[in-house]
């Protein structure tokens with residue numbers, strides 16, 4: 001390496017003042033170093049440089065207080081504007097700090113904790129993969145919105161429970177959803193539920209299925225409906241049961257249609273069967289208790305009394321009744337109709353041989369096919385429990401925390417609602433002292449509207465050090 | 001008084017107010033929507049007929065009040081958290097002053113209330129103490145009421161202060177600090 005000539009040296013120093021090492025702008029010493037050592041306060045331990053941190057309610061960031069540095073272990077570099085780099089070997093307080101004048105920076109603390117703080121935006125970019133491993137628990141608090149964009153798959157595996165709470169939930173999937181629930185699924189919906197399915201809906205239930213509806217149950221189907229069961233099918237209606245169609249077919253090996261009163265048939269209805277039975281005269285007399293209108297064609301086994309039988313006025317017994325005149329007079333023998341009990345005998349009933357009104361009443365009110373007395377939450381107990389109407393007197397329908405309670409109690413009518421506050425106290429969500437008017441505390445500072453005299457918060461300009469310690473009173477704002 | 005609004009964050013210039021609408025460089029509308037005592041959503045407020053632009057203009061003043069505290073070195077160790085917003089207008093917001101343990105600081109709450117009293121314009125500041133916590137401990141919120149802000153941002157501030165305990169007014173002329 002050759003020595004530079006005098007001309008070259010002069011050239012290198014051109015523009016540099018001969019007193020270049022001096023503090024030309026008189027920045028130093030800083031005013032807070034007047035009348036004391038020029039060694040950085042942080043190096044001497046009279047000041048602890050800290051990052052500006054943000055906090056969140058009920059969230060301890062678990063950072064112990066910092067130990068002040070001891071001279072000469074802390075190497076501090078602080079610039080005129082306030083940027084700081086500290087490498088501190090103070091026993092028990094070893095740390096590395098890089099802090100921007102704004103308070104942003106990185107700190108590696110004595111216990112090994114690492115803090116990265118940004119007062120404004122923070123950007124992390126990884127050109128390839130990114131892996132985060134946390135041995136303990138974590139907490140993410142976003143005081144604004146959080147948007148997560150994943151170009152590929154988003155896989156979330158949780159060993160414990162997943163608890164999600166929030167306002168509205170909107171899910172949009174372009175393709176399918178497959179959900180497998182290992183045990184039970186319980187949903188409570190405080191409002192309404194609406195499902196729209198463009199194609200098919202198939203429910204397979206391998207156990208029982210029970211649907212209870214308090215209000216209207218309305219099913220409208222454009223196409224055919226099929227209800228098929230491999231066992232019994234029972235439908236009952238307490239007040240009225242109507243079936244209507246252009247054509248109704250009831251087919252069974254054993255069909256019973258019973259009623260205490262009513263009509264079966266129509267103008268062109270044919271009754272076909274083995275036996276047509278009317279009410280018998282229980283006294284054994286000749287009371288006419290069943291009436292048949294129209295022509296009879298066929299064979300009558302017995303006719304006790306015929307007042308009009310073409311040309312027969314009295315026919316006690318007729319074996320052929322095309323014209324009853326051929327019948328011979330005989331002894332009346334009342335004969336019960338053939339046993340039709342099996343026609344209306346049900347599993348649990350064994351009615352008499354005739355469907356007497358009492359029998360029908362028994363079927364209607366005592367049998368296994370009797371109309372059910374249906375009541376779904378008749379006193380709104382379930383509804384009130386879900387909506388917490390009984391507990392919270394309709395003031396809120398959600399499980400409230402102390403912050404929400406505080407907000408609700410700002411409304412005087414809520415606070416004076418004995419039911420509401422009573423339940424909150426009983427649930428130990430609200431202190432019994434909620435109604436006291438004097439705090440369990442003593443008075444501290446008191447200030448009026450007049451501006452308070454105070455020390456300055458910031459050092460302004462290159463004023464004398466006294467200015468910082470001087471008290472000042474803010475001007476009154478109009 | 002006409003407030004000079006940062007055009008970047010002037011709600012009047014927004015085509016739509018969303019939870020992500022910025023009121024300052026670091027404060028969005030969602031900071032208020034997510035208030036722990038009155039959590040809500042833009043959709044819910046829309047359904048309830050809230051004028052979102054009016055809400056955003058009113059919250060702008062609150063955001064500026066928060067920003068002022070955040071930028072003051074004396075409050076480096078605390079954080080101001082909106083805890084309740086009184087809808088639909090958002091004129092009144094209650095705040096918690098939280099320390100690094102995540103607890104509400106009684107003394108720092110008084111400091112902030114006093115700071116606001118001297119350095120910002122407002123309609124009313126209320127130091128709202130209570131013993132509602134289940135353990136009966138003393139708790140405090142700061143209620144800050146701003147005027148309803150028209151599109152012109154021409155507002156008048158009626159400055160008053162008060163202290164209340166469990167909803168009972170203890171002083172309507174002073175901020176009083178209670179020390180347990």
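Read the figures in this text as sums done on the coordinates, not as results from a lab. Quick caveat, the model's predicted, so the values are computed rather than measured. Here the Cβ is made from the backbone with ideal geometry for all residues, glycine too, and neighbour counts use every protein chain on show.
Worth a mention:
- With R₀ fixed at 56 Å, the C-beta to C-beta distance from residue B:71 to residue A:432 puts the FRET efficiency at about 0.85.
- The distance between label points at residue A:176 and residue B:172 comes to 6.9 nm (points 7 Å beyond Cα on the Cα→Cβ vector).
- Counting only alpha carbon atoms, the long axis of helix B:106-119 and the longest principal axis of chain B meet at about 50°.
- What the Cβ-Cβ distance of residue A:441 and residue A:63 gives, at R0 = 30 Å and to the nearest 0.05, is a FRET efficiency of 0.55.
- For peptides A:64-74, A:94-104, sequence by mean Cβ density within 10 Å, most packed first: A:94-104, A:64-74
- Helix B:52-70 and the longest principal axis of the C-alpha atoms of chain B enclose an angle of approximately 50°.
- Spin-label pair residue A:372/residue B:8, simplified geometry with 7 Å Cα→Cβ offset, distance in nm: 6.6 nm
- Antiparallel bridge percentage (DSSP; both residues within chain B; nearest 5): 80 percent
- Computed from the C-beta positions of residue A:416 and residue A:168, the FRET efficiency with R₀ = 45 Å rounds to 0.85.
- Taken residue by residue and averaged, Cβ atoms of other chains lying within 10 Å of the Cβ of B:78-87 number 3.
- Taken along the Cα-to-beta-carbon direction at a fixed 7 Å, the label points for residue A:143 and residue A:253 span 8.0 nm.
- Report note on the peptides A:136-149, B:90-103, A:153-166, B:142-155: ranked by the mean count of other C-beta atoms within 10 Å, highest first, their order is B:90-103, B:142-155, A:136-149, A:153-166.
- Computed over segment B:48-180, Cα set: Rg, Dmax in Å: 14.7, 47
- Ranked for footprinting exposure by Cβ neighbours inside 10 Å, fewest first, A:420, B:119 give B:119, A:420.
- The alpha-carbon atoms of segment A:64-214, seen along their principal axes, cover 80, 34, 29 angstrom, with the largest extent given first.
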